[in-house]
1. Accessible area per residue, 1.4 Å probe, Å², for the chain: what's the number?
2. What percentage of the solvent-accessible surface of the chain, computed with a 1.4 Å probe over protein heavy atoms, is contributed by carbon and sulfur atoms?
3. What is the magnitude of the charge dipole of the chain about its Cα centre, with +1 placed on the Cβ of each Lys and Arg, -1 on the Cβ of each Asp and Glu, and no other charges, expressed in debye to the nearest 20?
4. Restricting the count to DSSP beta bridges whose residues both fall in the chain, what percent are antiparallel, rounded to a multiple of 5?
5. Determine, from the Cβ-Cβ distance of M43 and M1 and an R0 of 22 Å, the FRET efficiency 1/(1 + (r/R0)^6), rounded to the nearest 0.05.
6. Just the number, please: Stokes-Einstein D of the chain in µm²/s, Kirkwood Rh from C-alpha pairs, 4 °C, 1.567 mPa s.
7. Please give, to one decimal in nm, the separation of the simple spin-label points placed at E20 and D68, each 7 Å out from Cα toward the Cβ.
Amino acid sequence: MTCQLTIRAGDNGKISPEGEVIVGKSSHVYLHAQPEPGYQVQMWYINGNQLYGGTKQFRITADEDKLDIHVTFSKI
């Protein structure tokens, strides 16, 4: 069984990995956000729900068929 991840970053930063990623269900995925100079990680969203803020690295468990992961950035 697999999980389809859609991973994207908001304005003023990048995320790795990015785009459409297929992983085994129940596997852990490590994400790294890289804000542009003068910006910081504001919030991580999973399927539109606020989940965690302020950290550049994030680990998620692929426990559903599809997950939409989005990170936003704010000015320091």
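1. Values: 4690 Å² over 76 residues.
Per-residue accessible area for the chain comes out at 62 Å².
2. Working: 2210 of 4690 Å².
Here it works out to 47 percent.
3. Details: 7 positive and 8 negative charges, 45 e Å.
It works out to roughly 220 debye.
4. Values: 25 of 31 bridges.
DSSP beta bridges in the chain are roughly 80 percent antiparallel.
5. Working: r = 29 Å, r/R0 = 1.32.
That pair, M43 with M1, gives E of 0.15.
6. Details: Rh = 12.3 Å.
Taking Rh from Cα pairs, D becomes 105 µm²/s.
7. 1.5
The values are calculated or read from the model by the stated rules, or taken from the named source; none is laboratory data. From a predicted model like this one, the values you see are computed outputs, not experimental measurements. Note: ideal-geometry Cβ built from the backbone for every residue, glycine included; neighbour counts use all protein chains shown. Protein only, heavy atoms only, side chains kept; ligands, DNA and RNA dropped before computing areas. Shrake-Rupley method; radii C 1.70, N 1.55, O 1.52, S 1.80 Å.
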